[in-house]
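S.K.: Supplied in structure tokens, the structure appears directly below.
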Amino acid sequence: MYKRNALMVLALGLAISVAGLNGCAAKKKVVEEPVKKEVQKPREKPAPPAVVPKAPEKKEEIVPRDLSFNTIYFDFDKSNIKPDQLDATNKNAQLMSKYNTVQIRIEGHCDERGTEEYNMALGQRRSDSIKRYLTDYGISSSRITTVSYGEMRPVDQGHNESAWSKNRRGELIITNK
């Protein structure tokens, strides 16, 4: 009987174990699915930046070192440009157009006749007359200044018509070389 009881105990233990295992079997098994690898799309090349036209590079204007302007001569007690001085004045205007970065000062001069005060005013009218001619030609007035020296800076120290005719003048001086 001992054997029989032992067998029953064994069978009962086995039945309990199997029942316990079945209770565990009720748990869902987690099955790992294989990870799907995403196929990477080839990267699109970024669009090239919009083409922005470059501003034309300004070439450094080369002004000749020996650039000079013609002196304009006037009649006695006059500030209008004489007909025989128009070629010289036109050449000055053409140079100003060609070298558009050049800035000038127009100096008005007189001979020694007349009062100092009168000659200062006449010299100013002469320099203004040349400036007006250049601006009418198309030269920007911002590139031109004027001054009168009256009779203070004669070219010829003589006291005769030959000297005086040289002293009645307008000179164009480059100010930004």
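S.K.: Assigned to a strand (DSSP E or B), of a type outside the set (Val, Ile, Thr) and crowded, with 21+ Cβ neighbours inside 10 Å: does that describe GLY123?
M.R.: Taking the combined requirement at face value, the residue does not satisfy it.
S.K.: Looking at (1) among the polar types (S, T, N, Q); (2) part of a loop (DSSP other than H, G, I, E, B); (3) loosely packed, with under 12 Cβ neighbours inside 10 Å, which one does SER68 not meet, given that it meets all the others?
M.R.: Only one criterion in (1) among the polar types (S, T, N, Q); (2) part of a loop (DSSP other than H, G, I, E, B); (3) loosely packed, with under 12 Cβ neighbours inside 10 Å is unmet by SER68, namely (3).
S.K.: May I pose another question? Quick check on the range 127-138. Is at least one of its residues charged (D, E, K, R), at pLDDT below 95, exposed (fewer than 14 other Cβ atoms within 10 Å of the Cβ) and at negative phi?
M.R.: No, the range 127-138 has no match at all.
S.K.: Go through the range 148-170 and report how many residues are part of a helix (DSSP H, G or I), in contact with an Asp or Glu (Cβ under 6 Å, 6 or more places away or on another chain) and among the charged types (D, E, K, R).
M.R.: 1
S.K.: Turning to a different aspect of this structure: From the list ASP84, ASP111, which residue is modelled with pLDDT of 95 or more, of a type outside the set (S, T, N, Q) and either touching a strand residue (DSSP E or B) at 6+ places or on another chain (Cβ under 7 Å) or assigned to a loop (DSSP other than H, G, I, E, B) (or both)?
M.R.: Sole residue among the options that is modelled with pLDDT of 95 or more, of a type outside the set (S, T, N, Q) and either touching a strand residue (DSSP E or B) at 6+ places or on another chain (Cβ under 7 Å) or assigned to a loop (DSSP other than H, G, I, E, B) (or both): ASP111.
S.K.: For ILE139, only one of the following conditions fails: (1) assigned to a helix (DSSP H, G or I); (2) touching a residue at least 24 places away in the same chain (Cβ under 8 Å); (3) not aromatic (Phe, Trp, Tyr). What is its number?
M.R.: So the condition that ILE139 fails would be (1).
S.K.: So how many residues does the range 90-116 have that are under 23 Å from ALA163 (Cβ atoms) and under 38 Å from the mean Cα position of the chain (by Cα)?
M.R.: Residues in the range 90-116 being under 23 Å from ALA163 (Cβ atoms) and under 38 Å from the mean Cα position of the chain (by Cα): 3 in total.
S.K.: Can you find a residue in the range 146-155 that is at pLDDT below 95, within 39 Å of the chain's Cα centre (by Cα) and surrounded by fewer than 17 Cβ atoms within 10 Å (Cβ to Cβ)?
M.R.: no
The values are calculated or read from the model by the stated rules, or taken from the named source; none is laboratory data. Owing to the predicted nature of the structure, the values given are computational and were not obtained by experimental measurement. Ideal geometry is used to build each Cβ from the backbone, glycine not excepted, and the neighbour counts take in all protein chains shown.
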